[in-house]
Amino acid sequence: MDYAEVAALMTRAMSDPYRLADILIQSADDDDAKARLIAECDITADEAAIILDQQLRLIIGSHREELRLAATNTER
């Protein structure tokens with residue numbers, strides 16, 4: 001995808017940021033997030049990967065736990 005196509009994809013994805021966040025929050029891991037994005041947003045696997053590459057994956061359950069543990073370890 002070229003820059004314009006990626007920009008258009010992200011514009012579509014962010015047109016309803018609450019829905020996007022909800023999909024990602026409910027996802028257990030990257031594979032689950034990709035599958036949910038593909039199913040619920042009618043996009044391809046490559047497009048789902050591009051969305052996740054925007055660091056939106058940080059709100060997926062497994063990553064939130066990693067962040068929580070890292071924060072707990074740095075507080076000690």
Residue by residue through the stretch 48-54, what is 3J(HN,Hα) from phi via Karplus (6.51 cos²θ - 1.76 cosθ + 1.60, θ = phi - 60°)? Round to whole Hz and write x for glycine and proline. 4, 5, 5, 4, 5, 5, 7
Throw me the Rg/Rh for the stretch 3-75, computed over C-alpha atoms with Kirkwood Rh, two decimals. 1.03
Ranked list, fewest to most other Cβ atoms within 10 Å of each Cβ, for Ser15, Ser62: Ser15, Ser62
Mind checking the full-extension length gain between Ser15 and Ala45? Use 0.36 nm per residue of separation minus the Cα-Cα distance, one decimal, nm. 8.9 nm
Mind listing the phi-derived Karplus ³J(HN,Hα) values for the stretch 62-74, rounded to whole Hz, using 6.51, -1.76 and 1.60 with θ = phi - 60°, and x for any glycine or proline? 5, 6, 4, 5, 4, 5, 5, 5, 5, 5, 5, 5, 7
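Just so you know, all these numbers are worked out from the coordinates, no wet-lab data involved. Quantities reported herein were computed from a predicted structural model and do not represent experimental measurements. Here the Cβ is made from the backbone with ideal geometry for all residues, glycine too, and neighbour counts use every protein chain on show.
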